[in-house]
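Inspection log for the structure reproduced underneath, given as structure tokens.
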């Protein structure tokens, strides 16, 4: 790995932001969003982290050196060689955070990877995380041994499990899972018609179902770019049918 991924808690702490304009404002908003307090370089003695957002390369380098000598970890916008840490592209499903980093190689690439993940991860993912957090003591009581607890969670949270994170209704099943209900059966057939040949045209539900399916039956004209959204080990079969007049059919066995 090019970096050690860390999530740094800054709630209530000062974080230096050096610069003006949109770039510096964006860093200050991010600090505030994470509960930190943006401050000027004059307050560096109260801070541990700093962002430098200056257009002038020499001024940015000088500010970075001053802050590093003061003992702060520094991020310099668009200057990865000067950074002690880099900012990932963030997908927020509070309290679940997914961070995509290219180590400063391409912020644009990180952003578009995050946008793809946005479509796959349910909005209610954070609700499931909070439900599991509230149930922490109950889970420990039901599964007192660590290895037993890990296996139970792996089974429940795995693909098709009772608490499958990609299933928007998983949160409502946490209590039932703790009560000893069996893993919910998600078997069955799902059929939908594509509105276009671009994978970006898939709905959130369609993309999620493709990722869960054991078998994918499809019109022969369905593009490979869409079919690769299915699991790599899923069985694929082209339907023996004439070309459709409108729309392409996909049938999934979940």
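The values are calculated or read from the model by the stated rules, or taken from the named source; none is laboratory data. What you are looking at is a predicted structure, and each value in this text was computed from that prediction instead of being measured. All Cβ positions, even for glycine, are placed from backbone atoms using ideal geometry, and neighbour counts span all protein chains on display.
Out of all the residues in segment 237-251, is one or more under 23 Å from residue 119 (Cα atoms) and out of contact with any strand residue (DSSP E or B) (no Cβ under 9 Å at 6 or more places or on another chain)? So far as segment 237-251 goes, no, none of its residues is under 23 Å from residue 119 (Cα atoms) and out of contact with any strand residue (DSSP E or B) (no Cβ under 9 Å at 6 or more places or on another chain). For segment 158-185, a residue qualifies if it is surrounded by fewer than 16 Cβ atoms within 10 Å (Cβ to Cβ) and either at pLDDT 85 or above or farther than 18 Å from residue 121 by Cβ (or both), and the qualifying residues are 169, 172, 175, 176, 179, 180, 181, 182, 183, 185.
Can we say residue 146 is modelled with pLDDT of 85 or more, over 22 Å from the mean Cα position of the chain (by Cα) and either assigned by TED's automatic domain parsing to the domain that holds residue 129 or closer than 26 Å to residue 112 by Cβ (or both)?
Details: modelled with pLDDT of 85 or more: yes; over 22 Å from the mean Cα position of the chain (by Cα): yes; either assigned by TED's automatic domain parsing to the domain that holds residue 129 or closer than 26 Å to residue 112 by Cβ (or both): yes.
So residue 146 passes the test.
Restricted to segment 101-124, and to residues that are outside any helix (DSSP H, G or I) and under 18 Å from residue 169 (Cα atoms), which residue is farthest from the chain's Cα centre (by Cα)? Across segment 101-124, the extreme among qualifying residues is 124.
For every residue, the table says whether it meets (1) in contact with a strand residue (DSSP E or B) (Cβ under 6 Å, 6 or more places away or on another chain); (2) farther than 17 Å from residue 86 by Cα; (3) modelled with pLDDT of 95 or more.
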| residue | (1), (2), (3) |
| --- | --- |
| 12 | no, yes, yes |
| 29 | no, no, yes |
| 39 | yes, yes, yes |
| 45 | no, yes, yes |
| 53 | yes, no, yes |
| 66 | no, yes, yes |
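Among what's in segment 191-250 and is in contact with a helix residue (DSSP H, G or I) (Cβ under 6 Å, 6 or more places away or on another chain) and farther than 20 Å from residue 167 by Cβ, pick the residue that is surrounded by the most Cβ atoms within 10 Å (Cβ to Cβ). Among them, the one singled out is 226.
Considering each residue of segment 50-81, count those that are farther than 19 Å from residue 20 by Cβ and under 27 Å from the mean Cα position of the chain (by Cα), and give that number. Before the answer, list the steps.
Pass one, segment 50-81, residues farther than 19 Å from residue 20 by Cβ: 65, 68-73, 80-81.
Applying the additional criterion that residues be under 27 Å from the mean Cα position of the chain (by Cα) yields 73, 80-81.
Residues in segment 50-81 being farther than 19 Å from residue 20 by Cβ and under 27 Å from the mean Cα position of the chain (by Cα): 3 in total.
Annotation note: of 109, 128, the sole residue that is in contact with a helix residue (DSSP H, G or I) (Cβ under 6 Å, 6 or more places away or on another chain) and either more than 23 Å from residue 229 (Cα to Cα) or surrounded by fewer than 16 Cβ atoms within 10 Å (Cβ to Cβ) (or both) is 128.
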